[in-house]
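Notes for the one structure printed next.
The values are calculated or read from the model by the stated rules, or taken from the named source; none is laboratory data. Note that the coordinates shown come from a computational prediction; the quantities given were computed from them, not determined experimentally. All Cβ positions, glycine included, derive from the backbone under ideal geometry; neighbour counts span all protein chains shown.
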Amino acid sequence: MNFKETKLKGCFILEPKIFKDERGYFMESFNEKTFSEGIGQKVTFVQDNQSFSTKGVLRGLHYQTGEHAQAKLVRVLQGEVLDVAVDLRPNSPTYGQYESVLLTGENQTQFFIPRGFAHGFLVLSDTATFFYKCDNLYNKESEGGLMYNDPTVNINWNFPSEELIISEKDQVLPNLENIRKVW
């Protein structure tokens, strides 16, 4: 596994070693020891989640606050998504900045997003199956969110806005100035 830290300290792009032959392929998608060494810290995942979405579905930007904050290791099992993390750590030099990564079932790239970040993704293929690990259990009372089109963050989704499919809940998330603090 190749680990590349992004401009957002603590966020890593993980590129697996894929072994292909006439039968298909094999790859190790997670190894606790390799992962901990690669990101320079120990993270214990306690919950796995999976979603299926169609082209144009934008999920996010979501996060958990306080003691329920979550780090995530995300990947796409089938399809293609643009995955986005926004730094919401109050004293971070990259506060309000984002990183985007193309995750596909073909490239098998993963994205590690530490606690203190909002996370979301946009489905670019006809369908996509999205899988992620969390290091803390979901807690409804600790939900936070950031509007996907916040003008300060200015995420380039590179997709026609009139074709986006966004839940009612995600359409009314606050802008960066009014978000619920992560801690």
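Some points to look at:
- The single condition from (1) within 20 Å of Thr6 (Cα to Cα); (2) touching a strand residue (DSSP E or B) at 6+ places or on another chain (Cβ under 8 Å); (3) surrounded by 14 or more Cβ atoms within 10 Å (Cβ to Cβ) that Pro114 fails is (2).
- Residue check for Gly96: buried (at least 19 other Cβ atoms within 10 Å of the Cβ), under 19 Å from Leu176 (Cβ atoms) and of a type outside the set (S, T, N, Q): no
- Selected residue (only one of Leu137, Leu146, Leu176 is farther than 21 Å from Val81 by Cα, touching a helix residue (DSSP H, G or I) at 6+ places or on another chain (Cβ under 9 Å) and aliphatic (A, V, I, L, M)): Leu137
- Residue in region 37-56 that is of a type in the set (Gly, Ala, Ser), exposed (fewer than 12 other Cβ atoms within 10 Å of the Cβ), over 11 Å from the mean Cα position of the chain (by Cα) and at positive phi present: yes
- Condition check for Asn175: at positive phi and touching a residue at least 24 places away in the same chain (Cβ under 8 Å): no
- Among residues of region 98-110, those that are in contact with a Leu (Cβ under 7 Å, 6 or more places away or on another chain) and either touching a residue at least 60 places away in the same chain (Cβ under 8 Å) or of a type in the set (Phe, Trp, Tyr) (or both), counted: 3
- Inter-residue pairs, beta-carbon under 7 Å, first under 10 Å from Val86 (Cβ atoms) and in region 111-124, second basic (Lys, Arg) and part of a strand (DSSP E or B), 6+ apart: Ile113/Lys72; His119/Lys72; Gly120/Arg59
- When Leu102, Leu137, Leu173 are checked against the criterion of being modelled with pLDDT of 95 or more and either of a type in the set (Gly, Ala, Ser) or in a strand (DSSP E or B) (or both), a single residue qualifies: Leu102.
- Per-region count, region 99-130, residues among the aromatic types (Phe, Trp, Tyr) and over 19 Å from Ile39 (Cβ atoms): 2
- Selection over region 70-97 of residues that are touching a residue at least 60 places away in the same chain (Cβ under 8 Å) and either hydrophobic (A, V, I, L, M, F, W, C) or in a strand (DSSP E or B) (or both) gives a count of 9.
- Complete set of residues in region 60-69 that are assigned to a strand (DSSP E or B) and not hydroxyl-bearing (Ser, Thr, Tyr): Gly60, Leu61, His62, Gln64
- Count of region 12-35 residues which are small (Gly, Ala, Ser) and either without any contact (Cβ under 8 Å) to a residue 24 or more places away in the chain or touching a strand residue (DSSP E or B) at 6+ places or on another chain (Cβ under 6 Å) (or both): 1
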